[in-house]
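The values are calculated or read from the model by the stated rules, or taken from the named source; none is laboratory data. No experiment lies behind these values; they were computed from the predicted model shown. Cβ atoms come from the backbone with ideal geometry, glycine included; neighbour counts cover every protein chain shown. Note: accessible area is taken over every heavy atom of the protein model, side chains too, but ligands, DNA and RNA are not part of it. Shrake-Rupley method; radii C 1.70, N 1.55, O 1.52, S 1.80 Å.
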Amino acid sequence: MSEVLAIYPGSFDPITNGHFDLIERSSRIFDRLIVALLTNAEKEPLFSVEERVDMLREVTRNMKNVSVDTFSGLLVDYAVQQKARAIVRGVRAFSDYEYELQMALMNRKLEPRLETIFLMPAESYAYVSSRLVKEIFRHGGSVKELVPAVVEKRLREKISPIPHKA
Ligand code: PNS
């Protein structure tokens, strides 16, 4: 049987320990995994595409069957072009589920040969999101246990925490 390739798409602005946990889990299930960064997202990112790709490459460099790529346009078109069989998405809480279900069903409508596989991150990362990480960092909170070390370093270079009076 041919190897099974999966795509893990996202904005990764920046990659969190929750994303990393999902990459590790997926790399153990699939023969090959492409972490695919969307380059034409509507929201204004904190990190440039190059910075986000750099961080993703750094944290996945020891994972032999994982590669990092960028895509624009429809995810299903990119997945078909790569000959992927599955799309991986993480579901943390019920609140994620509605949006994820809608996307998965729409992607299936667009390309019935592709399956979306939902994975749950470790419980300890169930509340971690890129948005919260940025907010916490901005206000001087610790993100040490929430993101890989390289991301914490990049956040320090990019953002000066807002000083707050006690
Ligand atoms: O990390 P995010 O922002 O939750 O990732 C969302 C992403 C990139 C998976 C989604 O926005 C996407 O697939 N965008 C590509 C455009 C597309 O295919 N849209 C139709 C989805 S049904």
Distance between the range 97-166 and the range 3-59 - C-alpha centres, whole angstrom: 11
Full-extension gain in nm, residue 131 to residue 50, via 0.36 nm per residue minus C-alpha separation: 27.3 nm
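For 106, 55, 63, 120, write out the residues from largest to smallest accessible area, computed with a 1.4 angstrom probe and no ligands counted. It would help to have the intermediate numbers written out before the result.
Values: 106 110, 55 0, 63 30, 120 140 Å².
Of 106, 55, 63, 120, the descending order of accessible area is 120, 106, 63, 55.
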CD proxy at 222 nm, helix term only [per DSSP H run n ≥ 4: -39500 (n - 2.57); per residue of the chain; nearest 500]: -12500 deg cm²/dmol
Extension gain, residue 41 back to residue 149 (0.36 nm per residue minus Cα-Cα distance, nm): 36.3 nm
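Would you mind calculating the relative contact order of the chain from Cα pairs under 8 angstrom and at least 6 residues apart, reporting the percent as a whole number? Don't skip to the answer; put the middle values down first.
Values: 237 pairs, mean separation 47.0, N = 166.
Once normalised by length, the contact order is 28 percent.
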Unit charges at the beta carbon, dipole of the chain: most positive-side option, 10, 161, 65: 161
Gain upon complete extension [residue 2, residue 110; 0.36 nm per residue less C-alpha separation]: 36.5 nm
Rounded accessible area of residue 39 (nearest 10 Å², 1.4 Å probe): 60
Rounded if a/c under 1.5, otherwise prolate or oblate - the range 1-70, Cα gyration tensor axes: prolate
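So which GluC sites (Glu not before Pro) in the range 21-59 end up in coil per DSSP with only 13 or fewer other C-beta atoms within 10 Å?
Passing sites in the range 21-59 are 42.
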Gyration tensor verdict on the chain (Cα atoms; rounded if a/c is under 1.5, prolate if a/b is larger than b/c, oblate otherwise): prolate
Loop trypsin sites (Lys or Arg not before Pro), the range 9-47, which have at most 10 other Cβ atoms in a 10 Å radius of their Cβ (DSSP): 43
